[in-house]
Amino acid sequence: MSTRPPAAINIAGVVHLVGAVTGGTSSPITTLPVSLRPSRNVYASVNLCNTPKGRVVITPAGTLQVTSVSGAFAPAECFTSLEGVQYVP
């Protein structure tokens, strides 16, 4: 199965994340352009591989850091969906 590459777009002042990351090796998984970065940390639920709960933290520096609720990085390393994550910068 293939996924869209991770991307972010600003639509009417709301940043929407799309795509997914697979086979990652560490967090942060990507860095957003300056124009899409939030003014403070944003916490959002995400879907991970073989686990029901994960979280992405989007920092003012633009990094996306992913963890599973258990704290292990392996589920995030396997698959992290960014679909549906949105925030106001």
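Summary of values
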item	result
Flag for Val18 being open to solvent by 20 Å² or more (accessible area, probe 1.4 Å) and touching a residue at least 12 places away in the same chain (Cβ under 8 Å)	yes
Residue in the range 27-40 that is at negative phi and touching a residue at least 60 places away in the same chain (Cβ under 8 Å) present	no
In the range 34-57, residue farthest from Gly84 (Cα to Cα) [restricted to those that are at pLDDT 95 or above and either open to solvent by less than 30 Å² (accessible area, probe 1.4 Å) or in contact with a Gly (Cβ under 8 Å, 6 or more places away or on another chain) (or both)]	Val34
Glu77 vs. criteria modelled with pLDDT under 85, surrounded by 12 or more Cβ atoms within 10 Å (Cβ to Cβ) and out of contact with any helix residue (DSSP H, G or I) (no Cβ under 6 Å at 6 or more places or on another chain)	yes
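The values are calculated or read from the model by the stated rules, or taken from the named source; none is laboratory data. Computed from a predicted model, the values in this text were never measured in an experiment. As a convention, Cβ positions derive from the backbone with ideal geometry for all residues, glycine included, and neighbour counts pool all protein chains shown. Ligands, DNA and RNA are stripped out before the accessible areas are found, and what is left, the full protein with its side chains, is counted by its heavy atoms. Shrake-Rupley method; radii C 1.70, N 1.55, O 1.52, S 1.80 Å.
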